[in-house]
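Only the coordinates and a few stated rules stand behind these numbers; no lab work does. Only a predicted model underlies this, so the values are computations on that prediction, with no experimental measurement involved. Don't worry about glycine lacking a Cβ; one is built from the backbone with ideal geometry, like all the others, and counts go over all protein chains shown.
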Amino acid sequence: MSIQVTRLSDPAVRAFVAAVNAHDRSAFDALLTPGATMSDDGSDRDLGDWTDREIFSSRGHMDVDSESAGGRSLLVRYRNDTWGEMKTRWSFTVDEDGRISRFETGQA
């Protein structure tokens with residue numbers, strides 16, 4: 001059973017998942033610090049290119065199965081129009097201003 005987005009513990013992570021699921025690029029971009037970075041399966045990627053391809057143009061969606069580390073680490077059933085559904089892990093670094101400076105994802 002999924003955790004409802006509104007019940008996720010960390011406000012920045014909650015807003016990230018909500019923006020992904022709503023396909024709201026403006027809200028998503030507002031959550032990130034200038035110069036934010038990300039990695040996929042252990043390899044750093046260009047954040048803009050990756051999010052365009054893996055989230056926004058392919059209609060990505062996150063169903064959160066569990067959270068840990070104060071809500072900054074998630075186990076997710078992620079799906080998009082390119083790859084279908086897969087179990088993934090996500091971890092987030094949130095700065096003192098409440099914005100995400102880095103996220104890491106990969107298959108779980």
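Observations, loosely collected:
- Taken over the range 15-71, residues that are surrounded by fewer than 14 Cβ atoms within 10 Å (Cβ to Cβ) and part of a loop (DSSP other than H, G, I, E, B) amount to 5.
- Residues within the range 89-108 that are surrounded by fewer than 19 Cβ atoms within 10 Å (Cβ to Cβ) and in a strand (DSSP E or B), tallied: 8
- Within the range 14-44, the only residue that satisfies the criterion of being within 20 Å of ALA108 (Cβ to Cβ), in contact with a Ser or Thr (Cβ under 9 Å, 6 or more places away or on another chain) and of a type in the set (S, T, N, Q) is SER39.
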